[in-house]
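To start, the structure itself, in structure tokens.
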Amino acid sequence: MADYVIMFTATPLNRSVLDLLRIADILGADNLDPSTLAMFRKLIAARNINRTLEDTEITALRHEIKRFTVRRTKAILSHLIERDPDEYIDRNGRPCQYPEHRAEIYPLQEPVEDCRLAREIRQLADQLYAVARFRKPLEMPDVHRGVITEDQYLQGRLRSAKKIARFLVMKSLRSSRLALAEHLVGTKQAIQDFSLENFRKTFPSGNVITVLDKIAGKIPQNRLLSAELPDWLADPQAHARACRHDRDIYCEIYERVRKITDTREREKAALLIRLVKQHGLVLAFDSRPITLAEIRRHIIAGLPSVQVITATGDPGSDRERAMQTFALGSTARNVIGLCSDSL
């Protein structure tokens with residue numbers, strides 16, 4: 001019943017359909033164009049409402065939402081502050097401004113053998129069929145119809161699946177060897193194999209090897225009427241062979257992961273120790289909680305007197321403590337905050 005509704009968000013337009021539906025629901029459908037309402041009705045009727053948006057849908061919805069969005073970027077806010085600095089003062093009387101961003105590269109001293117193993121892992125990842133990326137029914141979104149053929153859509157899916165499978169392997173390895181282990185064999189097995197007993201995760205993740213065991217021979221439902229599927233997406237026996245092929249590759253990758261030393265994680269911990277001695281408070285971010293747990297282990301071994309707070313999206317993490325310790329005006333010292341992307 002409000003006369004005005006204002007919503008503050010850091011991400012006015014994400015790629016999820018559900019995010020957009022929530023925004024439209026809060027702002028009120030009366031504010032939307034009839035064509036946009038028609039698009040929303042079409043999205044709601046889709047089989048998978050929580051799917052990723054297509055580029056054409058994003059463009060149309062962004063154009064519509066822009067009519068009632070006030071956008072303030074970092075550059076715009078900085079300009080406003082420079083124009084009237086006395087209007088932007090924090091509660092301690094200090095002027096507000098974004099900090100200067102100084103990006104620096106730091107070496108991790110990886111042994112030559114570790115680099116060789118990493119190259120082999122990448123080469124192995126290039127050989128994946130990416131069968132695990134095809135579990136849902138194969139169907140072309142309506143937005144593509146009349147623009148590309150079903151075969152072109154399928155070929156695009158096949159190419160992108162291989163790239164995503166390789167990306168997930170290498171992204172995990174860049175985080176840590178434990179993160180890649182988790183991706184391959186799951187949280188529980190990675191904890192056991194790398195003796196990370198103090199790490200707990202409410203919702204275990206990863207384990208692509210077990211996924212391949214479960215789906216072997218179970219081809220996804222095909223709703224592409226005119227596209228010619230590769231054998232491993234059309235024939236259950238060929239699908240099972242492709243799953244074994246990918247499984248064997250992932251197992252070979254895991255053999256190499258277990259041979260890689262912990263040099264990278266040790267060097268990251270050593271850098272944080274040097275920084276906390278210099279600055280008193282240090283925040284470090286990584287997307288994988290298991291990587292943060294491994295770095296924490298090395299920090300505590302290298303500087304037992306330091307306080308390490310781990311803050312992730314897991315309900316059992318120290319999110320609130322991190323927010324208080326690193327809040328504006330905090331007098332805490334000798335603290336390292338290890339945070340996931342959710343922070």
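Looking for whichever is open to solvent by 80 Å² or more (accessible area, probe 1.4 Å), within 30 Å of residue 137 (Cβ to Cβ) and modelled with pLDDT under 70 here; the options are 52, 59. Which one fits?
Values: 59 fails: modelled with pLDDT under 70.
None of the others qualify; the one that does is 52.
Being at negative phi and open to solvent by less than 10 Å² (accessible area, probe 1.4 Å) is true for just one of 294, 228. Which residue is that?
When all the criteria are applied, what remains is 294.
If we scan the range 328-336, do we find a residue that is surrounded by 21 or more Cβ atoms within 10 Å (Cβ to Cβ), part of a strand (DSSP E or B), out of contact with any Cys (no Cβ under 8 Å at 6 or more places or on another chain) and of a type outside the set (Lys, Arg)?
Yes, the conditions are met somewhere in the range 328-336.
How do the helices (runs of 4 or more DSSP H) wholly within the range 162-263 filter down when requiring 3 or more residues that are within 30 Å of residue 145 (Cβ to Cβ): which remain? Before you say what the answer is, go through the steps one by one.
Working: elements: 177-185, 187-193, 208-215, 231-234, 236-257.
The helices (runs of 4 or more DSSP H) meeting that bar are 231-234, 236-257.
Could you list, in sequence order, all residues of the range 104-115 that are open to solvent by 90 Å² or more (accessible area, probe 1.4 Å), without any contact (Cβ under 8 Å) to a residue 60 or more places away in the chain and of a type outside the set (Asp, Glu)?
105, 112
Test residue 191 against the stated conditions and say whether it is more than 23 Å from residue 116 (Cβ to Cβ), open to solvent by less than 40 Å² (accessible area, probe 1.4 Å) and either of a type in the set (Val, Ile, Thr) or at pLDDT 95 or above (or both).
yes
State whether one or more residues within the range 196-215 are touching an Asp or Glu at 6+ places or on another chain (Cβ under 9 Å), open to solvent by 60 Å² or more (accessible area, probe 1.4 Å) and farther than 22 Å from residue 311 by Cα.
no
Going through the range 274-290 one residue at a time, which ones are crowded, with 20+ Cβ neighbours inside 10 Å and either in contact with a Lys or Arg (Cβ under 9 Å, 6 or more places away or on another chain) or basic (Lys, Arg) (or both)?
Residues satisfying the conditions are 276, 286, 288, 289, 290.
If you go through the range 96-143, how many residues are more than 18 Å from residue 262 (Cβ to Cβ) and assigned to a helix (DSSP H, G or I)? Break it down into steps so the answer makes sense when it comes.
So the first thing to find is which residues in the range 96-143 are more than 18 Å from residue 262 (Cβ to Cβ), and the list is 96-105, 119-120, 122-143.
Now narrow it down to the ones that are assigned to a helix (DSSP H, G or I): 119-120, 122-125, 131-133, 142-143.
Total satisfying the criteria: 11.
Residue 271: in contact with a Phe, Trp or Tyr (Cβ under 6 Å, 6 or more places away or on another chain), of a type outside the set (Gly, Ala, Ser) and open to solvent by less than 50 Å² (accessible area, probe 1.4 Å), yes or no? Don't jump to the end; show me each part of the working.
Details: in contact with a Phe, Trp or Tyr (Cβ under 6 Å, 6 or more places away or on another chain): yes; of a type outside the set (Gly, Ala, Ser): yes; open to solvent by less than 50 Å² (accessible area, probe 1.4 Å): yes.
For residue 271, the condition - in contact with a Phe, Trp or Tyr (Cβ under 6 Å, 6 or more places away or on another chain), of a type outside the set (Gly, Ala, Ser) and open to solvent by less than 50 Å² (accessible area, probe 1.4 Å) - is met.
Need pairs with beta-carbon distance below 6 Å; first residue within 20 Å of residue 109 (Cα to Cα) and within the range 270-295, second part of a loop (DSSP other than H, G, I, E, B); sequence gap 6+ or separate chains.
Between residues of the range 270-295 that are within 20 Å of residue 109 (Cα to Cα) and residues that are part of a loop (DSSP other than H, G, I, E, B), the close pairs are 271/106; 273/303; 291/176; 292/286; 294/176.
The values are calculated or read from the model by the stated rules, or taken from the named source; none is laboratory data. Keep in mind that this is a model prediction, so the values were computed, not measured. With ideal geometry, Cβ positions are generated from the backbone for all residues, glycine too; neighbour counts draw on all protein chains shown. Just so you know, the surface numbers come from the protein's heavy atoms only, side chains and all, with ligands and any DNA or RNA stripped out. Shrake-Rupley method; radii C 1.70, N 1.55, O 1.52, S 1.80 Å.
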